[in-house]
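A short worksheet on the structure shown next.
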Amino acid sequence: MSAVTHQSILPERSGLARRLSDFLWRHPHVLLLILLGPPVLWLGIIYLGSLLALLLQSFFSIDDFSGLINYEFTLATYKQLLIPANFDIILRTVVMAALVTLASAIIAFPIAYYAARYAKGKWKAIFYLGVMLPLWSSYLVKIYAWKLILAKEGIVTWALTKLHLLWLLDAWLALPVVGGNSLSISYTGTFIVFIYVWMPFMILPIQASLERVPGNLIEASADLGGNPAQTFKYVLFPLALPGIVAGSIFTFSLTLGDYIIPQVIGSSRLFIGQAVYAQQGTAGNIPLAAAFSVVPIVIMGLYLWMAKRMGAFDAL
Amino acid sequence: MTAAVLFQKVSRHFGNVRAVDGVDLSIAEGEFFAMLGPSGSGKTTCLRLMAGFEQPTDGHIEIFGETAEGVPPYRRNVNTVFQDYALFPHLSILDNVAYGLMVKGVGREERRKAAEDALAMVKLPGYGVRKPGQLSGGQRQRVALARALVNRPKVLLLDEPLGALDLKLREQMQEELKSLQKSLGITFVFVTHDQGEALSMADRIAVFNNGKIQQLGTPEDIYKRPQTRFVADFVGSSNVLSSATLAKLGISAGAASLRPEAIQIGTSWAELLTLSGTVVACSFLGAVNRITVDCDGQRIIISAPAAMPVPEQGANITLAFSRNDMHVMEQA
Amino acid sequence: MRSDRSSTPLSLKIAAGAGLLFLHVPILLIFLYAFTTEEKSYQFPPPGLTLQWFAVTWNRPDVWEALLLSIKVASIATAIALVLGTLCAAAVSQTRFFGREVISLLVILPIALPGIITGIALRSAFSMADIPFSVWTIVLGHATFCVVVVYNNAVARFRRVSGSLIEASMDLGADGFQTFRHVILPNIGTALLAGGMLAFALSFDEVIVTTFTGGQQSTLPIWMLEELIRPRQRPVTNVVAMVVVLVTFLPILAAYYLTREGDQIAGAGK
């Protein structure tokens with residue numbers, strides 16, 4: 001056949017594919033439906049459905065004698081969250097998540113800033129991979145590594161002994177709250193491992209937001225007489241803030257829901273994740289477990305809402 | 001003779017925005033047709049209606065006498081040169097040019113030859129093995145042209161084809177496009193916001209504003225006899241004389257246009273109309289000087305050859321022009 | 001680097017370098033411990049080095065079973081996520097419709113919310129619907145949070161396959177399917193591959209949701225978690241940890257090179 005034709009409108013071609021293509025072109029809504037259908041059904045039914053079912057259960061209660069679920073609407077389970085033992089768990093988790101987020105931002109910022117502004121070419125790639133590889137390497141292996149490091153016979157004790165600084169560690173462990181028998185069963189240990197595991201999620205959003213700061217803006221600030229501290233305070237930090245907020249969504253959320261790190265490395269006092277796990281598992285109290293898991297959802301909901309208002313999603 | 005492209009009361013609305021609002025248009029076969037207007041005037045939407053990327057909300061479109069509404073772009077024997085060229089980055093130049101033939105099922109050898117011929121036609125022989133990223137802007141533009149023309153379209157649509165090129169290249173491409181169109185005899189429809197480009201290349205021009213055609217005519221018509229204040233302003237920044245100024249000249253009309261280059265300074269023959277005013281500003285524009293004069297609140301711009309002596313700022317001068325150069329507008 | 005290097009403040013260099021060291025030293029330690037002769041504790045420095053634990057691990061059927069299950073789950077979950085994520089990305093980036101933001105939120109939610117919530121929600125839904133735990137319940141959970149990885153990669157690339165490329169293809173006579181095959185797929189292919197690799201790595205490593213959706217089956221992370229809580233044979237765990245690090249590095253590196261190449265290709269069209 002010849003492609004050169006003298007018609008201005010080519011005839012409709014037969015064939016199923018072509019007819020379907022014509023149909024979809026005339027009915028873009030059908031195309032949209034075909035594209036969106038499977039993912040929306042999957043996420044909407046399987047995921048949101050499960051989530052709503054879970055939320056529903058938090059409005060039931062458990063019968064203390066029979067241990068069976070009482071399917072009547074009640075807020076009693078939520079009231080249980082407020083008893084001191086449970087409220088402590090929530091408070092402990094939120095404080096830990098906030099501290100981890102703050103520390104992560106402080107450690108992440110110089111890495112992100114260096115990578116965004118000074119690293120060029122090959123070094124940029126090295127920095128990127130240097131962040132991506134730890135970020136993506138196995139969660140459990142990372143925790144395991146810290147179990148090795150923080151163990152009494154591990155590298156920390158060894159290094160401090162060599163430096164004749166073991167007394168410093170002992171003094172720290174003797175402190176209330178943050179101390180303990182050894183680093184691996186103290187809040188300090190939990191805190192360090194949380195930072196280690198979630199901090200990489202902070203670096204990339206900060207780097208992305210800093211990369212959008214034109215270099216001459218910093219020079220302009222210096223040119224106008226700003227010293228480095230002022231430049232940081234008035235130029236760099238406000239511009240990096242959306243990135244920090246975006247990163248903090250990860251560090252905060254991931255710390256809130258984690259139940260493995262405090263279980264493997266930490267004291268025996270529970271975090272929200274552990275409480276959920278214990279309530280739904282050994283205790284068999286699904287309603288309380290559900291009510292507990294509503295806490296991070298609500299906190300993250302508020303957090304995301306605030307983050308959106310600060311424009312953090314552009315930095316993701 | 002059937003029109004190459006025919007619009008009958010065509011409208012295209014996006015929500016409340018009337019991008020194209022009741023346009024009537026008839027483009028003859030073999031014509032070099034320009035759609036001129038500022039951005040958002042509806043000219044590009046008209047082009048997209050011809051290509052089939054948009055469907056009219058209202059009205060009727062024909063391409064060579066055949067109804068075009070509801071016909072997808074891939075069934076229209078109409079091709080487009082995109083503003084950003086839209087070359088496929090993953091394909092070689094040769095495969096880019098041969099793309100239209102490939103999807104129509106032309107054999108490998110035949111389409112390779114056709115694509116090479118098309119590349120030779122746009123003066124890029126032997127560039128087939130490269131990738132779009134390895135070409136300059138001007139070269140990519142030629143590839144986009146070859147990619148469209150290799151299909152022998154009945155109508156070629158060009159969307160701001162020269163917008164991204166620098167001045168020298170633009171002038172060169174204007175001539176090449178013009179001669180290419182002449183030798184191929186294909187109907188060219190091109191969209192531009194540059195009046196100079198439209199005036200120098202097109203056989204006829206449609207000036208768009210707010211989704212409507214303000215005036216349709218030959219370049220000379222448009223330039224010398226603007227029918228509306230918008231056309232007078234947009235095409236070569238004409239002076240628009242107010243009714244008060246016209247009254248001083250003994251003419252009773254709402255408004256009239258007067259080209260800056262049609263005005264002389266200081267000379268005064270009986271058959272010329274004259275106005276006097278004060279020089280407000282002078283600027284040197286290379287071949288001409290632009291002189292701004294204030295005549296009792298009426299600003300008049302004069303384009304005087306650079307060889308002429310420049311009046312001093314604040315000087316009182318007399319302006320003279322022929323009644324024939326002045327065009328009374330139908331609407332203000 | 002040249003001139004910039006000298007102007008880099010020393011304190012910044014030290015802070016950035018220390019931060020990177022902090023991220024990498026623990027992982028390097030894993031490699032060292034895989035060779036230690038010490039069996040009963042995490043003694044540092046290792047009293048001696050040996051290769052014997054590699055052989056011991058190689059002959060452990062439970063490790064192999066867990067590994068194979070993890071690969072199986074990750075492959076199926078990745079395949080599902082590729083389909084769902086690509087469809088969703090295409091819909092969001094190629095068409096304008098009411099509620100796009102809702103869709104984006106829906107896709108991101110499974111990783112934005114803590115994994116334990118996804119896990120417990122699915123678990124209680126399974127038990128309510130009387131679905132027995134199996135490989136498929138694990139896959140179901142994994143696919144749900146893997147969609148977002150594919151989606152993010154695909155959406156970023158779709159954005160760069162400018163609308164005019166698709167219009168150009170249709171203008172030149174290609175119908176929807178031809179356009180998909182000849183223009184869209186070649187341009188998003190590497191992004192999908194990268195997204196798939198990351199989804200695989202994510203699923204391969206997932207433990208929190210799996211503890212809720214898996215029954216008797218144990219994936220490699222579940223196996224490791226048991227070893228972490230109740231260590232039985234530490235040297236085998238050490239070796240498995242090292243292998244896991246190496247295995248997850250490969251898809252990450254591949255994904256990085258794929259998207260980087262893709263950027264160059266896509267950038268060339270500008």
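The values are calculated or read from the model by the stated rules, or taken from the named source; none is laboratory data. Bear in mind the structure is a predicted one, so any value in this text is a computation, not a measurement. Quick reminder, even Gly has a Cβ in these numbers, built from the backbone with ideal geometry, and neighbours come from all protein chains shown. The accessibility values were calculated without ligands, DNA or RNA, using every heavy atom of the protein model including side chains. Shrake-Rupley method; radii C 1.70, N 1.55, O 1.52, S 1.80 Å.
Quick look at the numbers
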{"quantity": "Tilt relative to chain B, helix B:167-184 - C-alpha long axis, 0 to 90 degrees, to 10", "calculated": "60"}
{"quantity": "Rule-of-thumb Rg ratio for segment B:237-328 [Cα; 2.2 N^0.38 Å; N residues]", "calculated": "1.01"}
{"quantity": "Summed buried accessible area for C+A [probe radius 1.4 Å, Å², rounded to 100]", "calculated": "7900"}
{"quantity": "For B:Phe208, distant residues with modelled amide H under 5 Å away", "calculated": "B:Leu36, B:Gly37, B:Gln214"}
{"quantity": "Segment A:250-269-segment A:151-193 distance, computed between alpha-carbon centres (Å)", "calculated": "19"}
{"quantity": "Hz values of 3J(HN,Hα) by residue in segment A:184-194 - Karplus curve (6.51, -1.76, 1.60), Gly and Pro given as x", "calculated": "6, 10, 10, 4, 4, x, 4, 4, 4, 5, 4"}
{"quantity": "Debye-sum result for segment A:112-226 in log10 I(q)/I(0), which assumes one identical scatterer on each alpha carbon, at q = 0.14, 0.21, 0.22 Å⁻¹", "calculated": "-0.78, -1.07, -1.12"}
{"quantity": "Projected-area mean, the protein assembly as shown, by convex hull of Cα positions, square nanometres", "calculated": "51.4"}
{"quantity": "Segment B:213-286 - charge dipole about Cα centre, Lys and Arg +1 at Cβ, Asp and Glu -1, debye rounded to 20", "calculated": "140"}
{"quantity": "Segment B:111-161 and segment B:35-102: distance between their alpha carbon centers, rounded to Å", "calculated": "16"}
{"quantity": "Residues with amide H under 5 Å from that of C:Thr36, placed H, sequence gap 5 or more", "calculated": "C:Thr50"}
{"quantity": "Within segment A:133-149, backbone nitrogen closer than 17 Å to the virtual label 7 Å beyond the Cα of A:Leu165 toward Cβ", "calculated": "A:149"}
{"quantity": "Global form of chain C, assessed from the alpha-carbon gyration tensor, a/c cut-off 1.5", "calculated": "oblate"}
{"quantity": "Percent carbon-and-sulfur accessible area, segment B:186-329, ignoring ligands, DNA and RNA, probe 1.4 Å", "calculated": "50"}
{"quantity": "Segment C:60-72 - phi-based ³J(HN,Hα) in whole Hz, Karplus 6.51/-1.76/1.60, Gly and Pro as x", "calculated": "8, x, 5, 5, 4, 4, 4, 4, 5, 5, 4, 5, 4"}
{"quantity": "Volume per residue that the Cα convex hull of segment A:82-315 spans, once the total is divided by residue count, Å³", "calculated": "163"}
{"quantity": "Chain B: radius of gyration over Cα atoms, expressed as a fraction of 2.2 N^0.38 Å", "calculated": "1.18"}
{"quantity": "Gain in span if fully extended, B:Gln313 to B:Ala28, counting 0.36 nm per residue against the direct Cα distance", "calculated": "97.6 nm"}
{"quantity": "Beta bridge orientation in the protein assembly as shown: antiparallel %, DSSP, nearest 5", "calculated": "75"}
{"quantity": "Extension gain (nm, one decimal) between A:Val178 and A:Met310, 0.36 nm per residue minus Cα-Cα", "calculated": "44.2 nm"}
{"quantity": "MRE, 222 nm, helices only [DSSP H, n ≥ 4, -39500 (n - 2.57), over chain B, to nearest 500]", "calculated": "-8000 deg cm²/dmol"}
{"quantity": "Descending principal axes extents, segment C:123-270, alpha-carbon based, whole Å", "calculated": "65, 40, 18"}
{"quantity": "DSSP bridge orientation in chain B - percent antiparallel, rounded to nearest 5", "calculated": "75"}
{"quantity": "Dipole in debye (nearest 20) - the protein assembly as shown, about Cα centre, beta carbon charges: Lys, Arg +1; Asp, Glu -1", "calculated": "1280"}
{"quantity": "Farthest positive-ward along chain B dipole, Cα basis, beta-carbon charges - from B:Ala253, B:Gly37, B:Gln139", "calculated": "B:Gln139"}
{"quantity": "Chain A - accessible surface per residue (Å², probe 1.4 Å)", "calculated": "48"}
{"quantity": "Top positive-direction residue, dipole computed over the protein assembly as shown with Cβ charges, set A:Leu35, C:Tyr33, C:Gly115", "calculated": "C:Tyr33"}
{"quantity": "Chain B - charge dipole about Cα centre, Lys and Arg +1 at Cβ, Asp and Glu -1, debye rounded to 20", "calculated": "860"}
{"quantity": "For segment A:60-74, 3J(HN,Hα) per residue [Karplus equation, 6.51 cos²θ - 1.76 cosθ + 1.60, θ = phi - 60°, Hz, x = Gly/Pro]", "calculated": "9, 9, 10, 6, 5, 8, 7, x, 9, 7, 9, 7, 10, 4, 7"}
